[in-house]
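Trainee: Can you keep this structure in mind? I'll have questions shortly.
The values are calculated or read from the model by the stated rules, or taken from the named source; none is laboratory data. Keep in mind that this is a model prediction, so the values were computed, not measured. No Cβ is skipped: glycine too gets one built from the backbone with ideal geometry, and neighbour counts run over all protein chains shown.
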2 protein chains.
Amino acid sequence: MDQLFIGVDIGGMSIKAALVNRQGEIKYKTHCKTDAKQGPGVFLKDVRNLILEIIDFSKAHDSFVGGIGFGVPGVVNNIKGTIDYAPNLYMENVSFKEYFKDLNIPIFLSNDANVACLAEVRFGAAKDYNNVVLLTLGTGIGGGIVINNELYEGNEGKGAEIGHTVLVVDGEQCGCGRKGCFEAYASASSLLRYTRNEMINNPNSLMWKYCKGNIENVDGKTSFECAKKGDISANFVIDKYIKYLSEGVLNICNIFRPEAILIGGGLSNQGDYLLSKIIKYCSERDYGYKNTPKPEFLICKLKNDAGVIGAAALAMEKMD
Amino acid sequence: MDQLFIGVDIGGMSIKAALVNRQGEIKYKTHCKTDAKQGPGVFLKDVRNLILEIIDFSKAHDSFVGGIGFGVPGVVNNIKGTIDYAPNLYMENVSFKEYFKDLNIPIFLSNDANVACLAEVRFGAAKDYNNVVLLTLGTGIGGGIVINNELYEGNEGKGAEIGHTVLVVDGEQCGCGRKGCFEAYASASSLLRYTRNEMINNPNSLMWKYCKGNIENVDGKTSFECAKKGDISANFVIDKYIKYLSEGVLNICNIFRPEAILIGGGLSNQGDYLLSKIIKYCSERDYGYKNTPKPEFLICKLKNDAGVIGAAALAMEKMD
């Protein structure tokens, strides 16, 4: 009988779950909408149903589930197996280990960016690298760290919060309570803020046309696509965004001197256009000496499957 | 015959070398002045003489030297065994591995803050911890990182440059070429800058009396000692310094969530007074949720021996 692993990717909108083998291949996949507003009871029951569905499938296919991993959009305690704090899920101190105890399957939790990083290092874009840092550029900035080919999570799994490192002391208020966080300057949300402000200042910007005259249509593509067409306002927005993003990237370089930096999240769809701008900014501002080894910059490639594959990989590795 | 290790602590003022056993005990110690201005030839010959002196001692005492480690105030390539860049030593691209090849003893180089961190984790203040970050508060800010009980140096040994992470985008010019580095705001040199500026603004500050009316007498103790006596200007200086230092410390907490943070360098002589101020600042600004595990804050305790013991420990571990 094959030993397989369940990876559960918990998002604010949907919960995805998959049965994954040791090669990172998905053998079965299912999902449901996230219904967390009614409290953890309904939510946990939904998660349980997905898991039971997968266990049934694995039994019917001559395999068994060796462990279950969860990627969580929030703060976990990876020793106790709890979600300590996940505002998107309206959750505080919810014990997964306790709730799923009756399944008699080992359970592991980690932050969603951590498991995405693990997935890309094991089965995705960063397979050839041992020291890797991931940044997901979405509503916030998620961080994942792999050191000596192992996921580094920090005490209780509460580290790798690279988005919550201050880049501008006394700067923009961040949701975390600090002021001037990397996330408050270089997340996709920050890009939207820069875009809207620039549009208000420049009624002639091509970005208005791109948004059909409605500023509410601004998204992560608005400034990028208009910049590519030569719009000066859009290029101003992109240059500003790239500056903050790259200053944060240079910080990561100087701390970790990693072999590779992985870029994921919605904005990573800009691919080489985004990377070339980061690389240009960084290479002109290398830490003060010649011959610093440059990291490879890579775009995440497992996309929507990174969460379930990474969560399953977490379970595989914690059990070994 | 006992296998012992030589640790060489290269400083801008002096070179210290010691014979160290696996318990971190110094069996023999010697030193000379750093004479680097005349080029690497004289300097390397001085280092060689210290090493030969120690080898003679070890032979006379029924032991042999299993490896030599060097702690370097600058940038090394730990694969090639070179000093790539060390402005204090007027050195670029100097190959230690090549120069000491004839000794037939394995040679290892690392940054001075890295070896100090290793020394404290193996034999000093942080013996009980597996995940530790060290900050040395001196002319600059040195960084050392121990993860899963192993020194983490980054690609080519060029990581752990925590002092060169930007805390204020477009801020104070740093010697490394970037603007707004942690080091440009929270090193001992920064504290002196804050102290002098405040004294110029406040002719009545007690700090003038402490300096006997001469601003050139300002040192790392001036503001601390006068703050303890209640001087308002001095407290303003200390509060400003603690703010920047602690914002950098919080960044480290959010990235590494380490078990312990080690403070070394000249300013660490302020001991508990310094730590209590950092702890107060940080505990009021914890990353946005309850129950974050706090790091222990520790003062380095091996002091002047940290360099030689850490360099020897580097050799021990790289050989194992």
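Trainee: In the range B:204-222, is there at least one residue being modelled with pLDDT of 95 or more, at positive phi and surrounded by fewer than 19 Cβ atoms within 10 Å (Cβ to Cβ)? It would help to see each step written out before you state the result.
Mentor: Filtering the range B:204-222 down to residues modelled with pLDDT of 95 or more leaves B:204-222.
Still in the running and at positive phi: B:212-213.
Retained after the next criterion (residues that are surrounded by fewer than 19 Cβ atoms within 10 Å (Cβ to Cβ)): B:212-213.
Yes; the residues of the range B:204-222 include at least one that is modelled with pLDDT of 95 or more, at positive phi and surrounded by fewer than 19 Cβ atoms within 10 Å (Cβ to Cβ).
Trainee: Can you confirm whether B:Phe5 is buried (at least 19 other Cβ atoms within 10 Å of the Cβ), in contact with an Asp or Glu (Cβ under 7 Å, 6 or more places away or on another chain) and not hydroxyl-bearing (Ser, Thr, Tyr)? Spell out how you get there, then give the answer.
Mentor: Numbers: buried (at least 19 other Cβ atoms within 10 Å of the Cβ): yes; in contact with an Asp or Glu (Cβ under 7 Å, 6 or more places away or on another chain): no; not hydroxyl-bearing (Ser, Thr, Tyr): yes.
When the stated conditions are applied, B:Phe5 does not pass them.
Trainee: OK, next. Could you check the range A:204-320 for helices (runs of 4 or more DSSP H) lying wholly inside it with 1 or more residues that are in contact with a strand residue (DSSP E or B) (Cβ under 9 Å, 6 or more places away or on another chain)? Spell out the reasoning first.
Mentor: On the way: elements: A:206-210, A:222-228, A:232-256, A:271-283, A:306-319.
The helices (runs of 4 or more DSSP H) meeting that bar are A:232-256, A:271-283, A:306-319.
To keep it simple, each residue is scored yes or no on (1) away from chain A (no Cβ under 14 Å); (2) touching a residue at least 60 places away in the same chain (Cβ under 8 Å).
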| position | (1), (2) |
| --- | --- |
| B:Phe256 | no, yes |
| B:Glu259 | no, yes |
| B:Gly265 | yes, yes |
| B:Asp272 | yes, no |
| B:Ser276 | yes, no |
| B:Ala312 | yes, yes |
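Trainee: Go through the range A:144-200 and count every residue that is over 22 Å from A:Leu267 (Cβ atoms), assigned to a loop (DSSP other than H, G, I, E, B) and at pLDDT 95 or above.
Mentor: Total meeting the criteria: 9.
Trainee: Only one of these conditions is not met by A:Asn130: (1) surrounded by fewer than 17 Cβ atoms within 10 Å (Cβ to Cβ); (2) at pLDDT below 95; (3) of a type in the set (S, T, N, Q). Which number is it?
Mentor: (2) is the only condition that A:Asn130 fails.
Trainee: So, in the range B:242-278, of the ones that are under 23 Å from A:Gly157 (Cβ atoms) and of a type in the set (Val, Ile, Thr), which residue ends up surrounded by the most Cβ atoms within 10 Å (Cβ to Cβ)?
Mentor: Among residues in the range B:242-278 that are under 23 Å from A:Gly157 (Cβ atoms) and of a type in the set (Val, Ile, Thr), the one surrounded by the most Cβ atoms within 10 Å (Cβ to Cβ) is B:Ile255.
Trainee: Suppose we filter the range A:225-241 for residues that are without any contact (Cβ under 8 Å) to a residue 40 or more places away in the chain, surrounded by 19 or more Cβ atoms within 10 Å (Cβ to Cβ) and within 20 Å of A:Leu167 (Cα to Cα); how many remain?
Mentor: Summing the residues that are without any contact (Cβ under 8 Å) to a residue 40 or more places away in the chain, surrounded by 19 or more Cβ atoms within 10 Å (Cβ to Cβ) and within 20 Å of A:Leu167 (Cα to Cα) in the range A:225-241 gives 1.
Trainee: Here are A:Lys27, A:Lys45, A:Lys80, A:Lys59: which of them is within 29 Å of A:Glu161 (Cβ to Cβ) and among the basic types (Lys, Arg)? If you could, list the steps in order and put the result at the bottom.
Mentor: Values: A:Lys27 fails: within 29 Å of A:Glu161 (Cβ to Cβ); A:Lys45 fails: within 29 Å of A:Glu161 (Cβ to Cβ); A:Lys59 fails: within 29 Å of A:Glu161 (Cβ to Cβ).
So the residue among A:Lys27, A:Lys45, A:Lys80, A:Lys59 that is within 29 Å of A:Glu161 (Cβ to Cβ) and among the basic types (Lys, Arg) is A:Lys80.
Trainee: In the range A:263-311, what residues are of a type in the set (Gly, Ala, Ser) and within 30 Å of A:Gly67 (Cα to Cα)? Step through it out loud before you land on a result.
Mentor: As a first pass, look at the range A:263-311 and keep what is of a type in the set (Gly, Ala, Ser): A:264-266, A:268, A:271, A:276, A:283, A:288, A:306-307, A:310-311.
A:Gly264, A:Gly265, A:Gly266, A:Ala306, A:Gly307, A:Gly310, A:Ala311, listed by residue number.
Trainee: Looking at the range B:122-140 only, could you name the residues that are without any contact (Cβ under 8 Å) to a residue 60 or more places away in the chain and within 17 Å of B:Gly71 (Cβ to Cβ)?
Mentor: Result: B:Thr139, B:Gly140.
Trainee: Another one. For a quick check of your reading of the model, give me the residue pairs whose first member lies in the range B:1-22 and is in the same structural domain as B:Gly310 (by TED's automatic domain parsing), whose second is aromatic (Phe, Trp, Tyr) and surrounded by 20 or more Cβ atoms within 10 Å (Cβ to Cβ), with beta-carbon atoms closer than 6 Å and at least 6 apart or on different chains.
Mentor: Correct list of pairs: B:Val8/B:Phe70; B:Val20/B:Phe5.
Trainee: Scanning the range A:135-156 for residues that are of a type in the set (Gly, Ala, Ser) and facing chain B (nearest Cβ under 8 Å), which turns out nearest to the chain's Cα centre (by Cα)? Working first, answer last.
Mentor: Taking the range A:135-156 and keeping what is of a type in the set (Gly, Ala, Ser), we get A:138, A:140, A:142-144, A:154.
Imposing the further condition that a residue be facing chain B (nearest Cβ under 8 Å) reduces the set to A:143, A:154.
Details: A:Gly143: 7, A:Gly154: 17 Å.
Among those that are of a type in the set (Gly, Ala, Ser) and facing chain B (nearest Cβ under 8 Å), it is A:Gly143.
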